[in-house]
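Down below is the structure, laid out as structure tokens.
The values are calculated or read from the model by the stated rules, or taken from the named source; none is laboratory data. Computed from a predicted model, the values in this text were never measured in an experiment. When we count neighbours, we look across all protein chains shown, and the Cβ atoms used for this are built from the backbone with ideal geometry, even at glycine. Areas reflect the complete protein model, heavy atoms only, side chains present, ligands, DNA and RNA absent. Shrake-Rupley method; radii C 1.70, N 1.55, O 1.52, S 1.80 Å.
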Amino acid sequence: LQKVNYIWLGLSGLTTAGSWIFYYKALKVGDVATVALIDKGSVVIAILLAWWLLKEAITLRIAIGALLVLAGLIVIAKK
């Protein structure tokens, strides 16, 4: 590995740790269903950003999975 790889690995570790800290803080102060809704919505956002920024291909399997996640989010969001 090169120096730049170690820098990216370190930054990845820091952001992951921060993500978990904020996740548990949100669980402590917010409604669990709402926090989980936002958390699971990040999967769809990640797929769209990978397609847009990284030019990754969205296969039929990925599209169906994203639509199922989105449908689940809609079901949970309705009260």
- Message: Below 14 Å, Cα to Cα, which aspartates and glutamates can Lys79 reach? Residues fewer than 8 away in the same chain don't count.
- Response: Asp31
- Take Ile76, project a point 7 Å from its Cα along the Cβ direction, then tell me which residues of the range 32-51 have their backbone nitrogen under 19 Å from it. 32-49
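Can you tell me the length gained on complete extension of the stretch Val43 to Val29, counting 0.36 nm per residue apart and subtracting the Cα distance? It would help to have the intermediate numbers written out before the result.
Values: separation 14, 0.36 × 14 = 5.04 nm, distance 2.27 nm.
My answer for the length gained is 2.8 nm.
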- Message: Binning at 10 angstrom from zero up to the longest distance, how are the C-alpha pair distances of the chain distributed in percent?
- Response: 16, 32, 36, 15, 2, 0
- For the range 9-24, just list the computed ³J(HN,Hα) in residue order, Karplus coefficients 6.51, -1.76 and 1.60, θ = phi - 60°, integers in Hz, with x standing in for Gly and Pro. 5, x, 5, 4, x, 5, 5, 5, 4, x, 4, 5, 4, 5, 4, 5
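Solvent-accessible area per residue for the chain at a 1.4 Å probe radius, Å²? Mind dumping the intermediate values first?
Working: 6720 Å² over 79 residues.
Using a 1.4 Å probe on heavy atoms only, each residue of the chain averages 85 Å².
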- Message: Assuming 0.36 nm per residue, please report the length gained on full extension of the stretch Thr59 to Thr15 beyond their Cα-Cα distance.
- Response: 13.0 nm
- Lys78: which lysines have alpha carbons under 18 Å from its alpha carbon, excluding same-chain residues fewer than 8 sequence positions away? Lys40
- For the chain, set up a Gaussian network in which alpha carbons nearer than 10 Å are linked by springs, and say which option among Gly13, Gly41, Gly65 fluctuates the most. Gly13
